[in-house]
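These notes concern the structure reproduced below.
The values are calculated or read from the model by the stated rules, or taken from the named source; none is laboratory data. Please read these numbers as outputs of a predicted model, since none were measured by experiment. Neighbour counts run over all protein chains shown; Cβ positions are idealised from the backbone, glycine included. All accessible areas refer to the heavy atoms of the entire protein, side chains included, with ligands and DNA or RNA removed. Shrake-Rupley method; radii C 1.70, N 1.55, O 1.52, S 1.80 Å.
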Amino acid sequence: MRVYPPDAKWHEMADGGVIPQAGNAEEYDVSGWRSAHPVRDDECCIQCLFCWIYCPDNSVLVKDQKVVALDPKHCKGCGICAQVCPKDCITMQPGGDMPEEEDK
Amino acid sequence: MGQLQPLEGNLAVAEAMRQINPDVVAAYPITPSTEIVQTFANFVADGEVDTNYVAVESEHSAMSACTAAAAAGGRVMNVTSANGLALMWEILYITASFRQPVILTVVNRALSGNINIHCDHSDTMGTRDAGWIQLYSENVQECYDNLIQAVAIGERMDVRLPVMSCLDGFLVSHSYEMLEVEDDEAVREWIGPYKPNEPLLDVENPYTMGPIDLYDYYIEHKYSQWQAYPAAKQAVIEEGKRFGETFGREYGLMETLGLDDADIAVVAMSSAAGTAKDVVDKLRDEGVKAGLLKLRCFRPFPGEEIAAALAGCKAVCVMDRAASFGAGSGPLFHEIAAAMYTGGQTVPINNVIYGLGGRTVKPADIESVYRGLMEIADTGKVEQVCTWLSVRE
Ligand code: SF4
Ligand code: SF4
């Protein structure tokens, strides 16, 4: 088992609260933690990657040195990306629902 | 064959540690257990053990280093007292939650304030919910024997829990008594080589220990830990028996004296239980059917066994060497009263708090407790649930 399912019983998990499977944190869905979500305007983005470097949750997804999406499974809605964007391309919207940005 | 030797409690503990030869000791000295750390540091310096001795700057660091070293896959021991144990408090829970069998000798001493270096059980009683197995020793022989057994109990694969081996500060730690010290090889053979369980240094099988664990899994992990304690109780019984088979001194969850036909009985732990044995002998000579339950294993708490052992009594007093402030009585009393009630016992029961900060408990003091019980046995009434022994009023 790579990840314990949400309904894993106590005796189905390792003793001592250990996670015997390395590197599975990215499979843990924390989308329910947000009360606000970032919305990014790709048109005005100059690809400075400030949002990527400042995001505390590795939730700004980059491909070929370009921001391609914000990760709805791990973004905590902290608003740091919106604060640091020099072009004000990111705005925080109320509510946790966050559509997947199109992978451009 | 073992050898009879006169040793202080502290030196007997250091000797057991030398024989156990743990992989790591990370300790910070504190009275009255300093001598153990000091003596053991000499063994390390003289090359008598293979132990990696980590000199740390506080007890919090000591227990952090011990827990980490155990998680890495080593056999680990530590020593402390009183406020040192209090400073470890945060980590104690983590050691038990990680299911790491770190072995900690606690030389019981009163917690401040005011500052007091003498014996009571406020330190270990304060950690009763941390998840450690707790064994209490009456005398020098027992603190030597219990430490060796602690290793075997905690390391059993069906247990994997840390163990505190407790002895009374000064009363036992600094008292010379004759004890039988077993051969190094016999001790090492009896405990066996250390078997790590999922050691962090196993780089072929990386895993995570101590991650954030929220409302979705934490309670299952705690329930899994909860399941280890019945096995731990069984381990205390079985290893105590096995110790007896090898070395001739058998141990159990408790030791009883005269309980088969006792009308009145006292429950006590550690050195005071030794004093109470003399009082029982004296009262028996007078024809009083007195009995004693000396509790050795406080964690896991053998509630059913205690209730069964006290069932035939007409009055019982639980002696607590610690106060639970605001609770109205002592911690040992609470648990025994609860065990009696849930076990369907209606024996009148009271509580005496004694010996705080090293106040001497003399045979006459314990005799007065038994005399009080004789009255309760007659009337069936407990006038005052909790009283303090030998306080100037
Ligand atoms: S809101 Fe916070 S967590 Fe989400 S993408 Fe922006 S910086 Fe990262
Ligand atoms: S900080 Fe703003 S401009 Fe810079 S990459 Fe992120 S969204 Fe684009």
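What number comes out for the charge environment of B:GLY131, summing +1 per Lys or Arg and -1 per Asp or Glu over other residues with Cβ under 10 Å away? Walk me through the intermediate numbers first.
Working: positive: B:ARG99, B:ARG128, B:LYS222, B:ARG299; negative: B:ASP129.
Every neighbour counted, the sum reads +3.
Amide H of A:VAL62: which non-local residues (sequence gap of 5 or more, or other chain) have their own amide H closer than 5 Å, using H built in the peptide plane?
When sequence neighbours closer than 5 places are left aside, the close amide H contacts are A:VAL68.
Let's see if you can work this out: charge +1 on each Lys and Arg Cβ, -1 on each Asp and Glu Cβ, no other charges. What is the dipole magnitude of chain B about its Cα centre, in debye to the nearest 20?
Working: 28 positive and 54 negative charges, 180 e Å.
That gives a dipole near 860 debye.
Tell me which of B:GLY357, B:ALA12, B:SER137 sits at the most positive position along the dipole axis of chain B, charges placed on C-beta atoms (Lys, Arg +1; Asp, Glu -1).
B:GLY357
Suppose R0 equals 60 Å. What FRET efficiency, 1/(1 + (r/R0)^6) with r the Cβ-Cβ distance, do A:ASN58 and B:ARG284 give to the nearest 0.05?
0.25
What residue among B:VAL236, B:SER224, B:GLY291 has its Cα farthest toward the positive end of the dipole of region B:219-311, where the charges are +1 on Lys, Arg and -1 on Asp, Glu, each on the Cβ?
Final value for the positive-end residue is B:SER224.
Quote the charge dipole size of region B:25-119 about the Cα centre in Debye, to the nearest 20; the model charges only the Cβ of Lys and Arg (+1) and of Asp and Glu (-1). Spell out each step's value before the answer.
On the way: 3 positive and 7 negative charges, 63 e Å.
The calculated dipole for region B:25-119 is roughly 300 debye.
Local charge sum around B:ARG359 (other residues, Cβ-Cβ under 12 Å, Lys/Arg +1, Asp/Glu -1)? Mind dumping the intermediate values first?
Numbers: positive: B:ARG321, B:LYS362, B:ARG392; negative: B:ASP120, B:ASP365.
Local net charge: +1.
Quick check for me: using +1 on Lys/Arg Cβ and -1 on Asp/Glu Cβ, what's the dipole size of region A:29-94 about its Cα centre, in debye to the nearest 20? Present the calculation step by step, with values, prior to reporting the outcome.
Details: 7 positive and 8 negative charges, 25 e Å.
For region A:29-94, the charge dipole is close to 120 debye.
Shielding by partners for B:201-208, please: the mean number of other protein chain Cβ atoms within 10 Å of each residue's Cβ. Kindly include the intermediate steps, with their values, before the conclusion.
Details: counts 0, 0, 0, 0, 2, 5, 7, 10.
So the per-residue partner count for this stretch is 3.
Modelling each spin label as a point 7 Å along the Cα-to-Cβ direction, I'd like the A:ALA25/B:TYR218 distance in nm, to one decimal.
Here the modelled spin labels are 1.8 nm apart.
Which order do peptides B:380-389, B:355-364 fall in by mean Cβ count within 10 Å, highest first?
Numbers: B:380-389: 13.6, B:355-364: 16.9.
My ranking of the peptides, most packed first, is B:355-364, B:380-389.
Note down the nm distance, to one decimal, between modelled labels 7 Å out along Cα→Cβ at B:GLU393 and at B:ALA327.
Here the modelled spin labels are 2.2 nm apart.
Grab the beta carbon distance between B:ALA186 and A:HIS11, set R0 = 35 Å, and tell me the FRET efficiency rounded to 0.05. Mind dumping the intermediate values first?
On the way: r = 38 Å, r/R0 = 1.08.
So, using R0 = 35 Å, E works out to roughly 0.40.
If I ignore ligands, DNA and RNA and count only protein heavy atoms, how much of B:GLU59 is accessible to a 1.4 Å probe, in Å² to the nearest 10?
So the heavy atoms of B:GLU59 present about 10 Å² to solvent.
For region B:254-388, just say rounded, prolate or oblate: build the C-alpha gyration tensor, square-root its eigenvalues into a ≥ b ≥ c, call rounded for a/c under 1.5, and beyond that prolate if a/b exceeds b/c, oblate if not. Let's see the in-between values first.
Working: a/c = 1.25, a/b = 1.06, b/c = 1.18.
Note, shape of region B:254-388 comes out rounded.
How far is it, in nm, from the label point at A:ASP41 to the one at A:VAL68 when both lie 7 Å from their Cα along the line to the Cβ?
2.5
For a quick check: with amide H placed at 1.01 Å from N, whose amide H comes under 5 Å from A:LYS73's, ignoring anything fewer than 5 positions away on the same chain?
HN-HN under 5 Å from A:LYS73: empty list.
Say R0 is 35 Å: what FRET efficiency, to the nearest 0.05, do B:ALA55 and B:MET157 get from their beta-carbon distance?
Values: r = 32 Å, r/R0 = 0.91.
Result of the calculation: an efficiency of 0.65.
Packing-wise, with mean Cβ within 10 Å as the measure, how do B:71-81, A:72-82, B:167-177, A:35-45 rank, highest first?
On the way: B:71-81: 25.3, A:72-82: 18.6, B:167-177: 23.1, A:35-45: 15.0.
With the highest mean Cβ count within 10 Å placed first, the list reads B:71-81, B:167-177, A:72-82, A:35-45.
Take every Cα pair under 8 Å in region A:29-94 that's 6+ residues apart, average their separations, divide by the length, and report that relative contact order as a whole percent.
Details: 110 pairs, mean separation 31.1, N = 66.
After rounding, I find 47 percent.
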